[in-house]
Amino acid sequence: MNTAKDIFKKHQSQTFPFPSCLEIESAKGSYIYDVNGTAYLDFVAGVSAITLGHSNPIITDAVKEQLKKYTHVMVYGEYIQSPQYKLAKLLSDQLPENLSSTYFVNSGAEAIEGSMKLAKRATGRSEIISCKDSYHGSTQGALSIMGNEEHKAKYRPLLPNCNTITYNDENSLENISKQTAAVVIEVVQGGTGFVTPTNNFLQKVRQKCNETGTLLILDEIQTCYGRLGTLFGFEKYNVIPDILCIAKGMGAGMPIGAFISSWELMNLLTFEPKLGHITTFGGHPINCAASLACLQHLLSTDIMEEVDKKEQLFRTHLSHPKINEIRGTGLILSVELDSEELTRKVVEKSLENGLILFYFLFTKTSFRISPPLTISEEEIIKGCNIIKEILDQ
Ligand code: PLP
């Protein structure tokens, strides 16, 4: 008889050769439970997606309420649906004036696709600049601006006119010119192990964009909804984008993304030709309801204020001679070890000991910590102790 693992491996397409194959039964708060009833403390949160913890009633109730009313009724942008417009308004209320109009999509990659199209449309230019070692999604437009040739080479030809700068390298900003439609940049660079901006790098990118008439697209797909202790990362680094891309944590476990800009820019997608971006399920009412509930909850509690304290707790309790550095900020942290082998061992052994950690796309010597924002102090300490015990061995 085929086991679930056999079926998973044979019939569910895989792209990662060594999946952990944890067979999930349920998830609650900061824990995931497998089919054998084993509890795993979740330090990853579905890669920064489960903002308020698993099965948070705030989210499940919002989903259930919306499910009772209606699910999909029409392609995006035709009917007035309260979860969508209420979320768009609440987002606009939190954002600077030039970020007042939201286009809801299905994922982070689609938010990036939409933002790139909008930038080309708005500037009449075609060059898009991104950072070396950046990741913005896996669709062909997003892949075109991925800053890693190994992942791109076999899928070429991709979009022409995609060039790079180096994150935190001011000198590379000279690559941004009057031919550049947009610079797409993460607030904290994820794939390289949560590298934070130094020396006001993002502000310097903003300045260069201003000088060249280039649009600044901030990819806040991984930093959004509170992960850095502010609702959006750009607030922490004092830079305002022309287009903001969000996804992951905004859905609190449900699939949704968005690109946000000024009404004037967004309006370009409405005419000549009309329907500048089309989606059937983008901004699905159930996912908007979840996102709205998550946003309302974050704005009415002190969850975001506690992020700094929780980061410090991780830093304090992860002090160990085998840990070289903890990068990142807020609740996206990267723990740097000596070797790829040790990193793999720690991630695997942690799982055996009931703790979920995960890898990065590019850096091989770090593991990620991006727990639900609702993780408790006790849970942080418990997980850190598991990591330290493994490192002791
Ligand atoms: N941008 C960043 C910074 C991401 O971390 C990701 C996903 O990991 C994406 C874009 C793509 O998002 P999605 O997987 O929802 O397409």
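Structure above, values below:
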item: Cβ crowding within 10 Å averaged over residues, with 14-21, 254-261 ranked highest first; result: 254-261, 14-21
item: Fraction of accessible area attributable to carbon and sulfur, region 58-300 (%, probe 1.4 Å); result: 52
item: For region 169-243, the spread of Cα positions along each principal axis, largest first, Å; result: 34, 22, 19
item: Extension reserve of the T166-Q207 stretch, reckoned as 0.36 nm per residue once the Cα distance is removed; result: 13.2 nm
item: Nitroxide proxy distance, nm - points 7 Å out along Cα→Cβ at R121 and E264; result: 1.6
item: Solvent-accessible area per residue, Å², over the chain with all protein chains present [probe radius 1.4 Å]; result: 46
item: Accessible-area value, V188, 1.4 Å probe, nucleic acids and ligands omitted, Å²; result: 10
item: Kirkwood-Stokes translational diffusion coefficient of region 240-321, alpha-carbon pairs, 20 °C, 1.002 mPa s, µm²/s; result: 135
item: Over the chain, volume per residue of the alpha carbon convex hull, in Å³; result: 155
item: Share, in percent, of DSSP beta bridges within the chain that are antiparallel, nearest 5; result: 60
item: Additional length obtainable on full extension of the chain from T3 to S339, 0.36 nm per residue less Cα span; result: 117.5 nm
item: Region 280-368 - percent relative contact order, Cα under 8 Å, separation 6 or more; result: 19
item: Computed log₁₀ I(q)/I(0) - Debye formula, equal Cα scatterers, no solvent, region 77-158, q 0.11 Å⁻¹; result: -0.40
item: Extension gain (nm, one decimal) between I278 and A153, 0.36 nm per residue minus Cα-Cα; result: 42.1 nm
item: Label point distance in nm, N385-L67, each placed 7 Å from Cα along Cα→Cβ; result: 3.7
item: Value of relative contact order over region 58-300, rounded to a whole percent, pairs C-alpha under 8 Å and six or more apart; result: 30
item: Rounded to the nearest 20 debye, dipole of the chain from Cβ charges on Lys, Arg, Asp, Glu; result: 820
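The values are calculated or read from the model by the stated rules, or taken from the named source; none is laboratory data. Just so you know, these numbers come straight off a predicted model, no measurement behind them. Here Cβ is always computed from backbone atoms with ideal geometry, including for glycine, and neighbour counts include all displayed protein chains. Surface accessibility is based on the protein's heavy atoms, side chains included, excluding ligands, DNA and RNA. Shrake-Rupley method; radii C 1.70, N 1.55, O 1.52, S 1.80 Å.
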